[in-house]
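This report concerns only the one structure given below.
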Ligand SMILES: Nc1ncnc2c1ncn2[C@@H]1O[C@H](COP(=O)(O)OP(=O)(O)OP(=O)(O)O)[C@@H](O)[C@H]1O
Ligand SMILES: [Mg+2]
């Protein structure tokens, strides 16, 4: 008997059928990969299972019994846990404190921290999670924070674990470690739903694969019965080019010149220690290192979000070492930030407004402080079209788009501005194969047009 079974789940949002009578079953001891293009309805379906959204119709059965899941509390009580792409941990607190939070205290309203700590350590050892119960969240790298989320779900008694794009934020090494953890979970009898866009991961980790397209489940397969090309075709409904061809471009004059740059991090420690490099017109320079080695501080300094301690940054003939974020945009620097929620988008603004951020004071969108709604709308519609942003209209709030479509909005805006220098951090994070193909094409196009590109990526293949 399946641990979880969905029958005909339907969920409609204004203008979109996010889930169109989707059925699936999940067996104990298996890893089910959920695959589909950006906006296909994967997160919606799993949010229904976890009680964050309620379906318009359809049934959920747990251990063969029909259940109503009205909140995450209900889901947790039924043994269903979920780890979101954006973690929900409280940074100043320790691992144990985060894990016991939200759990009812013991008798007399007292939380038994000693017992909690022992249990955290025990679960951590059992599944090879290697998390220190006393570490503070803010001192842990992203991969470890994710393990804390997994540990929290296990502590709460999860038998079913849903992971929504867990590898998007991880380095290749952390990905391999996560796979080992997930394997040991299913070996102990748990069931795991794994959402990812990376086809090689699906092939490596899944027992079974369910493909969704435009809200509907369109097929099921196993890694032994398909390959990456087959999966891409099932997802997109057409052939996708998985390798990009780079044409050769003649390199021109320097666009960006960085000289002996020193930048401090938030703790006032020197994170960028006297870095010098240049990027010429028609060049893409990539930084491949593991995050936490000064990339963030370097990027912040380049785009005007952090004042360097010393050194110079020149964009063509302009010294932008101490430029503000706005004057850096005006000078011709575009930035695709690492964290689209914190920096890339205003989730409460609609799509057209988000596509305009940074250009909202300049022609043709505004003159002397007056906004030209018509030209804004035309621009928004064109970019939605060009970048295949899946949305019913430009009036949808950014927060209501699927994760990948939010990323496309940021990319569309930053490249659409026609910059001299594009600083792109993880530009294809969370994108499906078709969208990656498109964004890579756009970046190569910038290069062909004699622009300079700084690419920061965890993925060696992308580089
Ligand atoms: N709260 C909401 N309000 C309105 N529309 C929504 C909301 N949440 C999701 N949608 C829409 O439902 C559709 C499915 O979105 P969902 O987030 O499930 O996609 P996804 O498969 O997870 O995509 P991605 O790979 O980009 O994360 C999208 O068209 C999205 O815009
Ligand atoms: Mg999603």
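None of the figures in this text is laboratory data; all of them are computed from the coordinates on show. Not measured: the values here are computed from a predicted model. Using ideal geometry, Cβ is built from the backbone for each residue, glycine included, and neighbour counts are taken over all protein chains shown.
Only DSSP H runs of four or more residues enter the estimate; each adds -39500 (n - 2.57), and after division by the residues of the chain the mean residue ellipticity at 222 nm equals -9500 deg cm²/dmol.
Once the chain from residue 314 to residue 91 is taken as fully extended at 0.36 nm per residue, the excess over their C-alpha distance is 76.6 nm.
DSSP assigns beta bridges within the range 4-236; of those with both partners inside it, close to 55 percent run antiparallel.
Coordinate range of the alpha-carbon atoms in the range 254-456 per principal axis, descending: 48, 41, 36 Å.
To the nearest ten degrees, helix 373-386 and the longest principal axis of the Cα atoms of the chain are 60 degrees apart. Between helix 113-126 and the chain there is an angle of about 80 degrees, using the helix long axis and the longest principal axis of the Cα atoms.
Taking 0.36 nm per residue of sequence separation and subtracting the Cα-Cα distance, how much length would be gained by fully extending the chain between residue 114 and residue 385, in nm to one decimal?
Values: separation 271, 0.36 × 271 = 97.56 nm, distance 5.63 nm.
Going from the current span to full extension adds 91.9 nm.
Take the Cα gyration tensor of the range 304-418, multiply each eigenvalue by 5, square-root it, and list the three semi-axes largest first, rounded to whole angstrom.
Numbers: eigenvalues 141, 59, 27 Å².
Its equivalent ellipsoid spans semi-axes of 27, 17, 12 Å.
So for the range 4-236, what percent of the C-alpha to C-alpha distances run longer than 31 Å? Tail of the P(r) past 31 Å holds 22 percent of the pairs.
Taking every DSSP beta bridge with both residues inside the range 254-456, roughly what % is antiparallel (nearest 5)? All intermediate terms of the calculation are to be shown ahead of the outcome.
Working: 18 of 32 bridges.
Expressed as a percentage, antiparallel bridges in the range 254-456 total about 55.
For the peptides 62-68, 423-429, residues were scored by their other Cβ atoms within 10 Å and the scores averaged per peptide; the highest-first order is 423-429, 62-68. Expressed to the nearest 5 percent, the antiparallel share of DSSP beta bridges inside the chain is 55 percent. Subtracting the Cα-Cα distance of residue 293 and residue 378 from 0.36 nm times their residue separation leaves 26.5 nm of extension gain.
Taking Rh as the Kirkwood radius, which is the inverse of the mean 1/r over Cα pairs, what is the Rg/Rh value for the chain? Can you show the working numbers first?
Details: Rg = 23.4 Å, Rh = 23.8 Å.
For the chain, the value is 0.98.
For a modelled paramagnetic label at residue 57, 7 Å from Cα along Cα-to-Cβ, the residues of the range 15-36 in reach, with backbone nitrogen under 19 Å, are 15-24. The value of relative contact order for the range 4-236, using C-alpha pairs under 8 Å at least six residues apart, is 29 percent.
Please report the relative contact order for the chain, taking Cα pairs under 8 Å with a sequence separation of at least 6, and give it as a percent rounded to a whole number.
Value for the chain: 16 percent.
What does the highest-first list of 171-179, 185-193 look like by mean Cβ count within 10 Å? Can you show the working numbers first?
On the way: 171-179: 16.8, 185-193: 18.8.
The most tightly packed comes first, giving 185-193, 171-179.
Scoring 342-354, 409-421, 261-273 by mean Cβ neighbours within 10 Å over their residues and listing the highest first yields 409-421, 342-354, 261-273.
Where does each of 13, 194 land when they are ranked from fewest to most other beta-carbon atoms within 10 angstrom? Don't jump to the answer; show the numbers that get you there.
Details: 13 14, 194 25.
Arranged by neighbour count, lowest to highest, 13, 194 become 13, 194.
Residues 44, 221, 367, ranked from the fewest to the most other C-beta atoms within 10 Å, line up as 367, 221, 44. Axis angle, to the nearest 10 degrees, between helix 403-416 and the longest C-alpha principal axis of the chain: 0 degrees.
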